[in-house]
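Working notes, beginning with the structure itself.
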Amino acid sequence: MSQHSASAPRPAGPVLSEEVREAVEQGQPVVALESTIITHGLPRPRNLAVAAELEAAVRAEGAVPATVAVIDGVAHAGLDKDQLERIAAGEGVRKLGHRDLPAALATGATGATTVSATAFLAARAGLRVFATGGLGGVHRGYAQSQDESADLGLLARTRITLVCAGVKSILDVPATLQRLETLGVAVVGYGTERFPGFYLADSGEPVDWTVHRPEEVARMMAAQDALGGPESALVVANPVAEADQLDPQLHDRVLAEALDEARRRGTTGQAVTPFLLDHLVRATGGASLEANLAAVRGNVVLGARIAAAWAARP
Ligand code: PSU
Ligand code: MN
């Protein structure tokens with residue numbers, strides 16, 4: 001063995017809560033949940049109630065929730081009440097993508113994990129199913145800003161099943177789907193032949209594959225493993241119910257306003273997504289928040305059912 005590899009520590013992965021560790025050891029269903037949506041994606045103080053509600057929804061389906069975050073420089077999967085409260089309070093809580101993890105660990109920072117950081121840490125912990133609201137993606141005006149979420153690149157090299165309601169409609173949806181194709185990330189519609197539009201049931205784009213049952217998703221996951229090859233993700237695109245979606249006309253109008261406002265202010269980088277989400281909540285009088293929550297709730301329930309089907313696989 002070379003001197004280098006002899007001295008390199010083995011990757012340790014996040015610290016697991018006792019509940020998550022036991023579930024992993026016993027092969028019980030576990031669903032990873034991200035924390036950026038709590039800290040930076042939802043208004044306080046509702047966000048803490050939502051975080052607790054999402055964990056309860058996973059439990060009600062017989063699965064264990066594993067919310068991921070970095071607390072005082074330590075990565076965790078499975079947070080206790082105090083830790084969840086700290087993440088929701090938001091004071092000094094950074095937004096951490098995958099690339100930010102080394103800096104956060106080295107400096108003792110506290111941060112909420114995005115899809116990229118959560119997927120990375122969850123996979124390290126041996127978790128296979130992860131549910132969130134909307135995936136990051138290619139932003140409008142990409143040709144100039146080069147703003148593409150690190151979520152996509154990370155999913156191209158991480159074996160995880162991500163349940164989401166599509167990508168946030170603030171993004172360039174066709175370009176995001178194209179990037180996922182180029183990167184070789186599998187995308188499947190759950191009960192739909194349309195790619196969902198986060199706040200809307202239909203983004204206007206089609207999907208190539210459709211499944212109707214958690215067991216079908218588990219079979220696809222098994223097929224991914226049987227094939228081997230690049231350790232890429234499976235994106236399960238689960239639409240919000242039409243009854244719960246945002247009014248499409250209202251959606252298009254306030255979204256155009258939000259994008260204009262972000263451009264006028266020169267908002268860039270990590271601040272873009274939280275700015276747009278917050279603008280939409282205010283401009284719709286909270287209606288976008290309700291649609292957002294309905295989508296996330298549906299996703300964590302489906303995530304729990306997929307995790308159960310995966311745990312029960314032959
Ligand atoms: N979807 C939401 N709310 C959010 C996000 C997604 O409904 O807050 C977060 C996710 O954590 C996602 C991140 O990974 O936004 C993408 O941010 P960026 O565009 O900076 O990569
Ligand atoms: Mn970005």
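The values are calculated or read from the model by the stated rules, or taken from the named source; none is laboratory data. Just so we're clear, the structure is a prediction, and the values are computed from it rather than from any experiment. For neighbour counting, all protein chains shown are included, and Cβ atoms are generated from backbone atoms with ideal geometry for every residue, glycine included.
Looking at V217, V188, just one residue is away from ligand 1 (no atom under 12 Å from the Cβ), among the β-branched types (V, I, T), part of a strand (DSSP E or B) and farther than 24 Å from D260 by Cα, and that residue is V188.
Residue-by-condition table, conditions (1) over 23 Å from L234 (Cα atoms); (2) not hydrophobic (A, V, I, L, M, F, W, C):
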site: E19; (1), (2): yes, yes
site: L33; (1), (2): no, no
site: N47; (1), (2): yes, yes
site: V58; (1), (2): no, no
site: G62; (1), (2): no, yes
site: L79; (1), (2): yes, no
site: A103; (1), (2): yes, no
site: G111; (1), (2): yes, yes
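Could you please let me know if V207 is surrounded by 17 or more Cβ atoms within 10 Å (Cβ to Cβ), modelled with pLDDT of 95 or more and not charged (D, E, K, R)? Considered against the rule, which asks whether it is surrounded by 17 or more Cβ atoms within 10 Å (Cβ to Cβ), modelled with pLDDT of 95 or more and not charged (D, E, K, R), V207 comes out as yes.
If the condition is being buried (at least 18 other Cβ atoms within 10 Å of the Cβ) and more than 23 Å from the chain's Cα centre (by Cα), then the stretch 263-287 contributes only T284. Residue pairs whose Cβ atoms lie under 9 Å apart, separated by 6 or more positions or on different chains, with the first residue in the stretch 181-200 and within 19 Å of R219 (Cα to Cα) and free of Cβ contacts under 8 Å to residues at least 60 places away in the same chain and the second crowded, with 16+ Cβ neighbours inside 10 Å and of a type in the set (F, W, Y), are V187/F195; G189/F195.
One residue stands out among those in the stretch 139-155 that are surrounded by 24 or more Cβ atoms within 10 Å (Cβ to Cβ) and farther than 12 Å from G97 by Cβ: the one that is farthest from ligand 1 (Cβ to nearest atom), which is L155. Filter the stretch 115-138 down to residues that are among the polar types (S, T, N, Q) and in contact (Cβ under 8 Å) with a residue 40 or more places away in the chain, then give me how many there are. Summing the residues that are among the polar types (S, T, N, Q) and in contact (Cβ under 8 Å) with a residue 40 or more places away in the chain in the stretch 115-138 gives 2.
Among what's in the stretch 124-138 and is away from ligand 2 (no atom under 15 Å from the Cβ) and part of a loop (DSSP other than H, G, I, E, B), pick the residue that is surrounded by the fewest Cβ atoms within 10 Å (Cβ to Cβ).
Taking the stretch 124-138 and keeping what is away from ligand 2 (no atom under 15 Å from the Cβ), we get 124-133.
Retained after the next criterion (residues that are part of a loop (DSSP other than H, G, I, E, B)): 125-128, 132-133.
Details: A125: 23, G126: 15, L127: 28, R128: 22, T132: 27, G133: 30.
Among residues in the stretch 124-138 that are away from ligand 2 (no atom under 15 Å from the Cβ) and part of a loop (DSSP other than H, G, I, E, B), the one surrounded by the fewest Cβ atoms within 10 Å (Cβ to Cβ) is G126.
Considering the stretch 84-114, and only residues there that are among the small types (G, A, S), in contact (Cβ under 8 Å) with a residue 12 or more places away in the chain and part of a helix (DSSP H, G or I), the residue that is surrounded by the fewest Cβ atoms within 10 Å (Cβ to Cβ) turns out to be A106.
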